[in-house]
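Read through the structure below, which is laid out as structure tokens, and then see the notes.
The values are calculated or read from the model by the stated rules, or taken from the named source; none is laboratory data. Because the structure is a prediction, the values reported are computed rather than measured. Backbone-built Cβ (ideal geometry, glycine too); neighbour counts: all protein chains shown. Keep in mind that these areas ignore ligands, DNA and RNA; they rest on the heavy atoms of the full protein, side chains included. Shrake-Rupley method; radii C 1.70, N 1.55, O 1.52, S 1.80 Å.
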Amino acid sequence: MHRLFLTIAFSLGLITSASLSAAAENGLVVKESTRSVSETINLLEETLKSKGITIFARVDHTAGAAKVDLDLRPTELLIFGNPKLGTPLMQTNQTAGIDLPLKALAYEDSDGKVLLVYNDPAYLSTRHGLSEKAKVLEKISGALNNFTDIATK
């Protein structure tokens, strides 16, 4: 499914060959948003909260850069999770905790496009040896796909 999305996105010109390669190699799912960075993160946050998912933090990287007199295109990070799903992953391999809770980054690229990026749960399986948790990771992947579709369309 992830490869299908990347293939479609590449075909439509939503992702360049360089970013497609980097996304695939780095285990990232990349979606173009029709909204601004803040609107995308706002809608993702609202959607997650409505599903009972905990929001741990929201980081405005642009505001942080401004505090030290540096410029950064709009960039915001949302950190969220569900301990009922994440804890079993860490019980299998505690190194999964480096990638949990989950994160989604919305940013404006140099062409003015807003992109929403998150870790592909299949990549987390490979990275942390979680193949025995395939059903949990599939559930997380499906939910992330749905939630991020809502936020980006």
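Numbers below:
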| read-out | value |
| --- | --- |
| Neighbour cut-off at most 15 other Cβ (10 Å), DSSP loop, trypsin sites (Lys or Arg not before Pro), region 87-141 | LYS113 |
| Mean Cα-pair separation over length for region 15-145, i.e. relative contact order, pairs under 8 Å, 6 or more apart, % | 26 |
| Accessible surface of region 21-87 [probe 1.4 Å, protein heavy atoms]: carbon and sulfur percent | 54 |
| Relative contact order (%) - criterion: Cα under 8 Å, at least six apart; region: region 60-112 | 39 |
| Segment LEU77-LYS153, extension gain: residue separation times 0.36 nm, minus the distance between their alpha carbons | 25.5 nm |
| Leading residue at positive end of dipole, region 106-153 (Cβ point charges), from TYR118, THR152, GLY129 | GLY129 |
| q = 0.10, 0.19, 0.22 Å⁻¹: log10 I(q)/I(0) that the Debye formula gives for region 12-153, counting C-alpha atoms only | -0.35, -1.18, -1.41 |
| Accessible surface, region 58-121, averaged per residue in Å² (probe 1.4 Å) | 55 |
